[in-house]
Structure formats: C-alpha cells, structure tokens
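The values are calculated or read from the model by the stated rules, or taken from the named source; none is laboratory data. These figures come from a predicted structure and were not determined experimentally. Neighbour counts are summed over all protein chains in view; Cβ atoms, including those assigned to glycine, are modelled from backbone coordinates with ideal geometry.
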Amino acid sequence: MSLTPSLGAIRTTTRRAPGAPTPISSYSNLLGAIRAAGLLERSRAFYLSVFATLVVALGGAITGFVMLGNSWFQLLIAAALGLIFTQFAFLGHEASHRQVFDSGRANDRAGRVLASGVVGMSYSWWMNKHTRHHANPNMIGKDPDIAIDVISFVEQDAASARGIRALITRHQAALFFPFLLFEGINLHVKSFGHVFGRGKVDGRALEIALILARMAIVVGAVFWVLPVGMAFAFLGVQLAVFGVYMGASFAPNHIGMEVVPEGAKLDFLSKQVLTGRNVKGGAWMTAFMGGLNFQIEHHLFPSMSRPHLRRARTLVRETCAREGIPYTETSLRRAYLIVLTYLREIGLYSAMATFDCPMVEQYRRA
C-alpha cells in the first residue's frame, strides 16, 4: 500500500469545465490573495527578537562552560550548544530565502555570517544545494536531497546497491536515526570540501575565513579548558545533537511524499504541494522546527517570513480543496512513522535485487 499521494490525483483535476481555473491561474490568484493580506511583508522585529534570544542563550552556554570547568556536566553544555547552533542554522536558512531583510545583499550577508561564522557550514554550498531542491522537490535526477547517498530514497537506487551499501540499504529504516548522530560531522566535511574545492564558490575567501575562525575559537576553547578525552566527548555530543536536530527537522518535510519521475511536467502549485508535508502543532512546533513545519507554504512562498506561514496555510488549504490537490498535514510522530515505513519499503528493493528470479522481477516491476 502506497503511503504517498498519487500523481493521478492531479491528472483527474485536468478534466475541468470550460472556463474553470487551472492550477496555474489558481496559484496566481492565491499569490494575489497572499500579497493583499500582507503576508509577504518582512518581519524584521520578529527575527531581531529571535536573534537576540539566541545570542543570550549562547552567552549563557558560554558562561556555563567557563564556570563548570573540568566537569562531565560539560556534556549538558555541549548538548545545549547543539540545539542553539541548529536554531542559528534555521535563521541562516530563512535569510537565504530573503525572509529577513528587503535587500537580497543584506540577507546574503546575514546568512553567510550565521551559517559559516556561527554554525560552521558553507553558505554557498547550502545555497547551491537548497536552491536546486526548491526548484524540483522530490524529482528524480534534479533534487539533490533524494540523490543517492548512504540512504536510498528511490527504488532504482536501492535496487542498484551492492556490497556494504546493499546491507545498509536493507536496514536503512532502523539505521536512519543512528546515522543522524553523524550528520553534523557530514555537514561540516561537505562544507570544507566545497570551500576548498576547485569549483566556483561565491564568497570563498570570506567563508574560509569565517569557518576557520569559528573552528579555531570553538575547538581551541574546548581543548584549552577540558582534558583531551573530555574535549573529544564534548565535541562529539555537540555535533551529534546538532546532526540529530537538523536531520529530524528536515526529514518529515518530503520523505515519503510523492516522488516525481525525471522529466515529468507539473505545474508549480501541484509540484510543491504534492511533494511536501506539514507538521501539526502550535507556536512551540513552529519554534522547534524553525518554521519548517509549514513546509508546503514555505515551498509555495519561499520568501515568506516565519510569522506569516500559519495565516497563509488557511488560504493554501482552500485553494488545494478547490483544485482537488491533496494537502498533507500530520503530527510529528506520525510523520516520523511514515518516513521510517517509506525507507523500509525502499530498502526492500535492495533485498529483492540480490535474487535473480523471474517472480521477483515481476514483483519489482509491479
């Protein structure tokens, strides 16, 4: 049984009465309603308050780090820093989407400082990857977020797995959250590879300077204050919490939603709604996920500030109801269950690929 909505749901909506609005015109009307409601206005006061709160939290963590000294209670500070750095990453993500300032240059400056100088990730690497994802979410061959990696997100990649990768793929649902413990390291390694690589990197010198300065300050302070073993444990906990928090915030957004075949043609409204999933919850969920719980609205209006997403949701749901486009929204717990179930189903294709049997081939094609 499929866990995702079907592209057939969109095909059925193409049989319209003469003169009925198309998804394209419906999106234009929706955009007009969003603008008229003032939902594309920037919310600088909100972001300044969030930034100030995070600076205070970071200052508190640093103060606690200095006061605790040589103590295993430092691992609590490390965990807190993992949470704080993830919240700064959310702000960098929002700046990259032009949600904070009117000026694109100001947003880029803020995003680069937050991503590279505070979190330690390459802003240009993130922008390149994330822009391609937004243009074609869950589209095979175009969305880097579903490209083959340690985890396989589509049947073809799972079926092609061999050796150790096949073993991982078969058990990828059980390994998913444990793998997130290493995602923080993975993000830093990829950032380093990008800024020191041969390809074109916007703001390369500044990003290298920010990343190296941040690393020198964080790593230097940890090894200056703590014994070597405790220092490694501190960095390990901080990176593990950061990786799990980041991965657990982004995973519910698209995994287990419609996967679009390469070359398929979908209008913007259908493509963004069918491939995204919202997570239910109040203000605390929005704060916890940095606004990513309104994934559908974020994809339809990437420059919309976080405080406006909830109001936009009502207008988007009404439009989707008129168009007959499935609008997916579920609890965080249910979203994780769907993600793990989907990964397990994909992993089965790896197991099936180890058998050269006509019956298996027939089942795989079905």
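Numbers for the structure displayed
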| read-out | value |
| --- | --- |
| Some residue of the stretch 121-135 being modelled with pLDDT of 95 or more, more than 30 Å from F73 (Cβ to Cβ), of a type outside the set (A, V, I, L, M, F, W, C) and outside any helix (DSSP H, G or I) | yes |
| Members of the stretch 212-244 that are in contact with a Gly (Cβ under 6 Å, 6 or more places away or on another chain) and of a type outside the set (S, T, N, Q) | R214, L239, V241, F242, G243 |
| Helices (runs of 4 or more DSSP H) wholly inside the stretch 231-340 containing at least 2 residues that are modelled with pLDDT of 95 or more and surrounded by fewer than 19 Cβ atoms within 10 Å (Cβ to Cβ) | 283-289, 309-323 |
| Of residues in the stretch 193-211 being surrounded by 13 or more Cβ atoms within 10 Å (Cβ to Cβ) and among the aliphatic types (A, V, I, L, M), the one farthest from V119 (Cα to Cα) | V201 |
| Matching residues in the stretch 106-118 - criterion: being more than 17 Å from S43 (Cα to Cα) and free of Cβ contacts under 8 Å to residues at least 40 places away in the same chain | R109, L114, A115 |
| From the options H130, H134, residue that is touching a Pro at 6+ places or on another chain (Cβ under 7 Å), closer than 26 Å to R44 by Cα and surrounded by fewer than 23 Cβ atoms within 10 Å (Cβ to Cβ) | H134 |
| Of residues in the stretch 98-120 being outside any loop (DSSP other than H, G, I, E, B) and of a type in the set (K, R), the one nearest to Y245 (Cα to Cα) | R112 |
